[in-house]
1. Would you call P449 open to solvent by less than 100 Å² (accessible area, probe 1.4 Å), at pLDDT below 90 and within 22 Å of the chain's Cα centre (by Cα)?
2. Checking V123 against (1) out of contact with any helix residue (DSSP H, G or I) (no Cβ under 9 Å at 6 or more places or on another chain); (2) in contact (Cβ under 8 Å) with a residue 12 or more places away in the chain; (3) in a loop (DSSP other than H, G, I, E, B): exactly one of these is not met. Which one?
3. Filtering the range 430-440 down to residues that are part of a loop (DSSP other than H, G, I, E, B), open to solvent by 40 Å² or more (accessible area, probe 1.4 Å) and of a type outside the set (A, V, I, L, M, F, W, C), which residue is modelled with the highest pLDDT?
4. If I go through the range 103-120 residue by residue, how many of them are in a loop (DSSP other than H, G, I, E, B) and closer than 21 Å to G401 by Cα?
5. Taking the condition of being open to solvent by less than 20 Å² (accessible area, probe 1.4 Å), under 20 Å from A188 (Cα atoms) and among the β-branched types (V, I, T), how many residues in the range 307-347 meet it?
6. For the range 184-214, which positions are more than 16 Å from P163 (Cβ to Cβ) and open to solvent by 10 Å² or more (accessible area, probe 1.4 Å)?
7. Go through (1) crowded, with 17+ Cβ neighbours inside 10 Å; (2) over 15 Å from H409 (Cα atoms); (3) among the hydrophobic types (A, V, I, L, M, F, W, C) one by one and return the number of the condition A179 breaks.
8. Which count do you get for residues in the range 140-171 that are at pLDDT below 90 and of a type in the set (A, V, I, L, M, F, W, C)?
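The values are calculated or read from the model by the stated rules, or taken from the named source; none is laboratory data. Just so we're clear, the structure is a prediction, and the values are computed from it rather than from any experiment. So basically every Cβ, Gly included, is an ideal-geometry build from the backbone, and we count neighbours across all protein chains shown. Surface areas here come from the heavy atoms of the whole protein model, side chains and all, with no ligands, DNA or RNA. Shrake-Rupley method; radii C 1.70, N 1.55, O 1.52, S 1.80 Å.
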Amino acid sequence: MSGVLALAEVGVPLAALGGGAAYARVKAPALYWSAIGLPIATARFSVTYGSTMDACGLTVAPSPLRIAITRATTRREIRPVPPRIRRIRPTTTGLKIRLRLAPGQEPADLLTSAERLRHAWGVHSVHVAVVKPGVVELRMTGYDVLRKVRMPRTSPTGELVVPVALREDGTAFVRDYRAVPHALTLGATLSGKSMYLRNLVAQLARTEFALVGIDCKRGVEQAPFASRLTALATDPMTASDLLDKLVELMEERYDLIRSYQSIPSGVPSEEITSDVWGLPAELRPVPVVLLVDEVAELFLIATRKDEERRDRMVTQLIRLAQLGRAAHMYVEACGQRFGAELGKGATMLRAQLTGRVVHRVNDKATAEMGLGDVSPDAVFAATQIPPDLPGVAVAGDSSGGWSRIRTPHLTLAEAAAVCRTNAHRTPVIDQLERFRPYVPPAAVVPPKPSFPPRFSASPVTE
């Protein structure tokens, strides 16, 4: 009887511990991973690494020197050799394991076996990243990091690099305007496209960028950011004039570069430049990012007389996308659908937008518009985004690489507050001054009385 009681006394705490672990796995996956999942996954990986690699066909025959040494020193069976482990580093979301590939292997071999490795080691996902020739990194995540987005504490940094979202491997997705100068963002209504734009604006607001907005929905999306915008157009007519001024600004910057090229012959040849990055820092103009909220509105026309205006706007936008990078000018175009059916110039413009971010879409054709020239797998992934996860998107570029991302939740009021806080960073560009949005003064809220006002109980008589 005493043994049964003792067993019951031990079983109750164990049951409570198991129940708490199960609850934490669902409600606090990061805590569960750090306390329980990480030690288990590390032990499982260490014990089964060789056999798992062998079962997945990721081993090669040992070198003749290794065979000779093994036969001379031991009587062990000579087995195939897996990639050599160089480093194991735990993270708050998973594990990062750096491997030295065996002779004859390539990163694609590991990439095709990522799903089998995920099941073998009991983790949520396995991603393969190339560090340098012959060295790859397995990035394992212990849980779905896109379910509840928490941006990492550290992210890639640079003069034109801003973090925007979280990748499914736990790293930050950044907009690097030197590597990918222009981008196209697509998504259906309530897919999270506006949330992506808010996060981008909030991050750019903290830098020295000049932000220029075109929001033909009467400014309902970008007007809250007016305190940080150098210029804003809220209708097609104003947008046409603004694009003309932006092209003029771009041409002036090219004139600046050309004038610097023709400086006296005493200047070393390595200082001659073909873009603004070759200019001295004191001459380099401020970077400009053009944010087009609904790019299709620039293509639509109601009457035939609007066709000339539409063609001119599209032509100017194409010129900015083709030539803007060297002049420190970048284009971020957003829309629900974008393709040849919009009219003349749409396909040509899309070809200049290197970066692609596609949220949940209503049809496969839209996903193919954005990602068809990136990867067929990226198109399939975009069509599988569930409606209950707004903000999830597939990001890719012309290199063929792609990944699933999700932006953190940011309300319009929070993004507007960031813009107001950084209003002093707004550059003044003379050519765009007449498009500067009006920012009403902050409303003065009278202080509340410390006691309720007294009212007379008797009627007031005159």
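1. no
2. Of everything listed in (1) out of contact with any helix residue (DSSP H, G or I) (no Cβ under 9 Å at 6 or more places or on another chain); (2) in contact (Cβ under 8 Å) with a residue 12 or more places away in the chain; (3) in a loop (DSSP other than H, G, I, E, B), V123 misses just condition (1).
3. Among residues in the range 430-440 that are part of a loop (DSSP other than H, G, I, E, B), open to solvent by 40 Å² or more (accessible area, probe 1.4 Å) and of a type outside the set (A, V, I, L, M, F, W, C), the one modelled with the highest pLDDT is R436.
4. 3
5. 0
6. T189, L190, G192, K193, S194, E208
7. Result: A179 fails condition (1) only.
8. So the answer is 5.
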